[in-house]
Amino acid sequence: MTEPIRLAKPDVGEREAALVAEVLASGQLTMGAKVEELERALAGAVGTAHAAAVSSGTAALHLAVLALEIGPGDEVVVPAYTFPATANAVELCGARAVLVDVDPDTFLLKPAAVAAALTPRTRAIMAVHLFGRPVAWEELQTAVPQDVALIEDAAGALGASYRGTPCGALGVLACFSFHPRKIVTTGEGGAVTTDEAGLDAAVRRFRHHGWVEVGEMPTPGFNYRLPDLLCALGIPQLERLEELLGARERVARGYTERLEHFVLTPSAGDGDRHGWQAYVVQLDRRDEALAALRAEGIEAQIGTWALHRLGAYHSHGPFPGADRAFERALALPFHTQLTDSELDRVTEVLTHIVSK
Ligand SMILES: Cc1ncc(COP(=O)(O)O)c(C=O)c1O
C-alpha cells in the first residue's frame, strides 16, 4: 500500500515546540507578551500600522464589520463563490450580504458586477483574495465610490501581493486566518490589519468583551482573543514567511509544469504574487477526479462554496460563474513537504481521468 498524500500539513518544528513550551513554563497562557510579539511580526510582514490577533479568520471578519459599524439597513457586497464565513459575518451583524457573481477562471469578484450591485445602502465590499490570488485592486477601487469601504478577506493571502503591495495593506481593514490549511497556522486563529488607529481600537475592544479599560465598556463585545499559547506557534512561522512562501511556490510550479496542458491551472495576475493558500485546478468531471484521487489515498477536496447553493443564501442568484467554479474546482494536496514523486502520483491520476 502506498503512503497516503495529505491535503495539508503544517510546517512546524522544534522552534515552534520550544516557544510553546516556554509559554507553558511561564504560566501566562493568554493575554501576555506573545500576543503583541505576533502582532508586531504580522504588521511588519504586511506593512500596516496595526495588527490585532484574534481567535479565527471568521472572528476577524465579524470584527471588521463591527468596527465599521455596519448593521441593520446596510448592505455589503460579497462574492457568490467564497467560504461562507465571508457572508455570514455580514448577515450576523444584521446587515445584508449582497452576492455578486465571480469570474470562474480566476474565482474572483468582477469589478463590473460589483459596480452593478451598488445601492445607496452599500457600506462595504468584501474583496476575497480567494486561495491566495490577489484581487485586481485598482479595477475594484475604480468601480466603487470612496465612501464604500473595501475590506480584504485575506484569509488565504498572507504573503501575497498586488503590484508590490502586500495583501492585508490594500483595504481599510483586512482579515487573515491561521487555520491549518493556511501558510502560517496556529491551529485556529486569525488577525485584522489596518492603518487606521480608530478601527484597530474598535477591533481590540470588540475582541475583548467591549472593554476600553477596566470598568469602561461603551458597547458589548465578545471574547475573540488569541491565546499566547497559540501565538507562540505562529511567531516562528511568521519569521519564516518568505521561506514558507518560497516552498509553496516550488510545489505550485511543480504542479503547473505537470498539469497545465490537461486542466486549467491557477496563477496570479501580471505583476502580482500569489499567496498559494491552496492549489486549485478546474476540470470537467471534477467529481470523478475527486473520487479517483481519494481511491488512490490522495486527499483532495472541492475548491469552496457557491453560496446560493446553501440554505442560508438560496434566495440569491443566479450566478453562473460561481456555479461553474463550484462544479469544476478541485483543491489538490498542497503543503511545503510534497515531493516530486508525490506530485507525479497526483498527476498520473488526474491525466488518466482527463484523457479517458
Ligand atoms: C476566504 C475565507 N474566508 C474566511 C475563512 C474563515 O477562516 P477561519 O477558518 O480561520 O475561521 C476562510 C477559511 O477557510 C476562508 O477561506
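Some observations on this one:
- Candidates CYS93, CYS167, CYS231, ranked by Gaussian network fluctuation over the chain, Cα under 10 Å, top entry: CYS93
- Computed on the Cα trace of the chain, the radius of gyration divided by the Kirkwood hydrodynamic radius gives Rg/Rh = 0.97.
- Rounded to 5, percent antiparallel among DSSP beta bridges of the chain: 60
- Peptide ranges 101-109, 282-290 listed from the most packed, as the mean C-beta count within 10 angstrom indicates: 101-109, 282-290
- With R₀ set to 30 Å, the beta-carbon distance separating LEU264 from THR219 gives a calculated FRET efficiency near 0.05.
- Efficiency of FRET from Cβ geometry, GLN141 and LYS9, R₀ 41 Å, rounded to 0.05: 0.65
- Set of lysines with alpha-carbon distance to LYS182 below 18 Å, sequence-local pairs under 8 removed: LYS9
- Spin-label proximity, ALA197 to region 28-58 - amide N less than 17 Å from point 7 Å beyond Cα toward beta carbon: 48-52
- Among LEU29, LEU170, the order by Cβ neighbours within 10 angstrom, fewest to most, reads LEU29, LEU170.
- When each of the peptides 14-21, 202-209 is scored by the mean number of other C-beta atoms lying within 10 Å of its residues, the order from highest to lowest reads 202-209, 14-21.
- Computed from the alpha carbon positions, the gyration tensor of region 201-301 leads to an equivalent ellipsoid with semi-axes of 41, 18, 15 Å, biggest first.
- Listed residue (HIS208, GLY297, PRO236) projecting farthest to the positive dipole end of the chain, Cβ model: GLY297
- Cα gyration tensor, region 45-202 - rounded (a/c under 1.5), prolate or oblate: rounded
- If you take all other residues with their beta carbon under 13 Å from the beta carbon of ARG225, and give Lys and Arg +1 and Asp and Glu -1, the sum is 0.
- Each peptide in 336-346, 173-183, 47-57 receives the mean, over its residues, of other Cβ atoms within 10 Å, and ordering these scores from highest gives 173-183, 47-57, 336-346.
- Region 241-354, relative contact order in percent, only Cα pairs under 8 angstrom and at least six apart counted: 36
- Distance in nm between pseudo-label sites at ASP284 and ALA17 (7 Å out along the Cβ direction from Cα): 5.0
- One decimal place: the segment ALA291-THR256 gains 10.5 nm when fully extended, by the rule 0.36 nm per residue minus the C-alpha distance.
- Taken along its principal axes, the alpha carbon cloud of region 241-354 reaches lengths of 44, 35, 23 Å, longest axis first.
- Given their separation in residues at 0.36 nm each and the Cα-Cα distance between them, GLU188 and LYS356 gain 56.4 nm when the chain is fully extended.
- If you run the Gaussian network model on the chain, springs between alpha carbon atoms under 10 Å, then out of ASP270, ASP195, ASP153 the most flexible one is ASP270.
Any read-out appearing in this document is the output of simple, stated calculations on the displayed coordinates, not a laboratory observation. Worth saying up front: this structure is predicted, and the values here are computed from it rather than measured. Glycine gets a Cβ as well: all are built from the backbone with ideal geometry, and neighbour counts include every protein chain shown.
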